[in-house]
1. Residues in the range 106-116: is at least one in a loop (DSSP other than H, G, I, E, B), assigned by TED's automatic domain parsing to the domain that holds residue 50 and open to solvent by 30 Å² or more (accessible area, probe 1.4 Å)?
2. Looking at the range 117-130 only, could you name the residues that are in contact with a strand residue (DSSP E or B) (Cβ under 9 Å, 6 or more places away or on another chain) and assigned to a helix (DSSP H, G or I)?
3. Here are 265, 275, 236, 242: which of them is out of contact with any Gly (no Cβ under 6 Å at 6 or more places or on another chain), closer than 22 Å to residue 158 by Cβ and not polar (S, T, N, Q)?
4. Residue 59 versus (1) surrounded by 20 or more Cβ atoms within 10 Å (Cβ to Cβ); (2) in contact (Cβ under 8 Å) with a residue 60 or more places away in the chain; (3) more than 13 Å from the ligand (Cβ to nearest atom): which is the lone unmet condition?
5. Checking residue 354 against (1) surrounded by 17 or more Cβ atoms within 10 Å (Cβ to Cβ); (2) modelled with pLDDT under 95; (3) closer than 30 Å to residue 172 by Cα, which test does it fail?
6. Taking residue 156 as the residue in question, decide whether it is near the ligand (Cβ under 9 Å from one of its atoms), surrounded by 18 or more Cβ atoms within 10 Å (Cβ to Cβ) and within 22 Å of residue 348 (Cα to Cα).
7. Counting only residues that are buried (at least 22 other Cβ atoms within 10 Å of the Cβ) and in contact with a His (Cβ under 8 Å, 6 or more places away or on another chain), how many does the range 268-325 have?
8. Quick one: which of 125, 90, 71 is within 28 Å of residue 178 (Cβ to Cβ) and open to solvent by 40 Å² or more (accessible area, probe 1.4 Å)?
Amino acid sequence: SDIEKGTYPHYMLKEIDEQPAVLRKIIQAYQDDNGNLTIDPAILTALKEADRLYIIAAGTSYHAGLVGKEYFEKIAGIPVEVHISSEFGYNIPLLSKKPLFIFITQSGETADSRQVLVKVKKMGYPSLTVTNVQGSTLSREADHTLLLHAGPEIAVASTKAYVAQIAVLAIAATVFAESQALPVGFDLTQELGIVANAVQAMVDAKDEMEQIARDFLEVTRNAFFIGRQLDYHVSLEGALKLKEISYIQAEGFAGGELKHGTIALIEEGTPVFALATQEEVSLNIRGNVKEVVARGANPCIISMAGLDEEGDTLVIPHVHPLLTPLVSVVPLQLISYYASLHRGCDVDKPRNLAKSVTVE
Ligand code: G6P
């Protein structure tokens, strides 16, 4: 069945492998009889009525929310704020006149996120939960739900749910834009199909990822992940994956912030994972790589076909520039997986962590 490991040594590896199928499942689940992407019309109305979206989430789901913000702003033209649920709950910012609250939660049970939902409902605001679990608390208590269709995620470190969250947010933003006759400029169904193939190519390159884990993470105590624009959001998720399961101290940050502090930490051999999938900032991130290399760093450059340069460690297949997080996160998941494995850590059940945290 879906929730058995089968021949896999760990749920995490199985769930990483399922990602191309999850993407195809999502496309199907959100297609109408004519093959057009569609979402619940009540959600389209809620998006239309909102003057600002407030995305509320924790952990990996928060990182998916950062990507989702870009979709709602760039594709759908709606301003978005993304907040960590625990912070938002105790320190509600000044709100716009017509907010729509979007809760992103794999489990639908995270207490930090639920307490925000309870509060904003009391304030009379509309809500939408994006979740993997039908009938979960946050799904039941919100006005609307978008399902991830990722199948049960068992490993504590979230992988396929992150990819599913980003895909579903892309669909919601795009379908909304189309419903408002805004120019989208691409065929999302087609682009997500290209992404699914690219993700397949990444999961098929496990040997390469295992070698990268050996080359960059075998002896180190720490690691850095840098990126700009969308790559910045993915670098946060890459660092989180690595710390969660390998206990290597990892930090993700914006390339431009290097010079404002973090570069002081670069020593001989420090691994720096640099994502370079965004054309607009390609030169800048390449510049950051030069800066850390000059200070002795061991750079692992993950670029995208078309923007790649000689010496890059890994080149992901070319996909639509807004959809790169769906692909670039996969090598980072696998590299973390192998780093954890090589260190003899408990991949699926890392110490001190729970799959869903039902206390505030
Ligand atoms: C826990 C899990 C994380 C997850 C976070 C949010 O900390 O270990 O993997 O990202 O909760 O969970 P949610 O179910 O709300 O997405």
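The values are calculated or read from the model by the stated rules, or taken from the named source; none is laboratory data. Note that this is a predicted model, so its numbers are computed, not measured. Ideal geometry is used to build each Cβ from the backbone, glycine not excepted, and the neighbour counts take in all protein chains shown. Heads up: the accessible areas ignore ligands, DNA and RNA and are worked out on the full protein's heavy atoms, side chains in. Shrake-Rupley method; radii C 1.70, N 1.55, O 1.52, S 1.80 Å.
1. First, pick out the residues of the range 106-116 that are in a loop (DSSP other than H, G, I, E, B): 106-110.
From the residues that got through so far, the ones that are assigned by TED's automatic domain parsing to the domain that holds residue 50 too are 106-110.
Subset that is open to solvent by 30 Å² or more (accessible area, probe 1.4 Å): 109.
Yes: the range 106-116 contains one or more residues that are in a loop (DSSP other than H, G, I, E, B), assigned by TED's automatic domain parsing to the domain that holds residue 50 and open to solvent by 30 Å² or more (accessible area, probe 1.4 Å).
2. Those that are in contact with a strand residue (DSSP E or B) (Cβ under 9 Å, 6 or more places away or on another chain) and assigned to a helix (DSSP H, G or I): 117, 120, 121.
3. Working: 265 fails: closer than 22 Å to residue 158 by Cβ; 275 fails: out of contact with any Gly (no Cβ under 6 Å at 6 or more places or on another chain); 236 fails: out of contact with any Gly (no Cβ under 6 Å at 6 or more places or on another chain).
Every option except 242 fails the conditions.
4. (3)
5. (1)
6. Numbers: near the ligand (Cβ under 9 Å from one of its atoms): yes; surrounded by 18 or more Cβ atoms within 10 Å (Cβ to Cβ): yes; within 22 Å of residue 348 (Cα to Cα): yes.
Yes.
7. 2
8. Working: 90 fails: within 28 Å of residue 178 (Cβ to Cβ); 71 fails: open to solvent by 40 Å² or more (accessible area, probe 1.4 Å).
None of the others qualify; the one that does is 125.
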